[in-house]
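Please treat every number below as a calculation from the coordinates, not as lab data. Predicted model only: the values in this text are computed from it and were never measured. Here the Cβ is made from the backbone with ideal geometry for all residues, glycine too, and neighbour counts use every protein chain on show.
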Amino acid sequence: MKLASISELKDGLSAHLDLVRAGETVVVTDRRSPVATLQRIPPGTLWKGAEVLMADGIVAPRAERLQVAKFLAMPTGPCVGGLSTVIVEERQEGR
């Protein structure tokens, strides 16, 4: 177990997360008092927030692994005037 003050955690977040990924628990302290722990989430464990989003129908679990080559080969539609124009048009349609 490693202790890290808030300022140490802010300054070295990536290094602390590397420790967590390796299985180490990091206890975060504020003025030398423990306030939180950072622990590795076991692979395959579903994050509780994802469960809520799925229950609300906001997200769905992927059915299969993304096939990058197939995705990149998908046809694209015309984008006349650039992305900014499309965004402005969509915002105006919503009014």
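Helix content alone sets the calculated 222 nm mean residue ellipticity of the chain: runs of n ≥ 4 DSSP H residues at -39500 (n - 2.57) each, divided across all residues, give -11000 deg cm²/dmol. Rounded to the nearest 20 debye, the dipole size of the chain about its Cα centre is 240 debye, using +1 on the Cβ of Lys and Arg and -1 on the Cβ of Asp and Glu.
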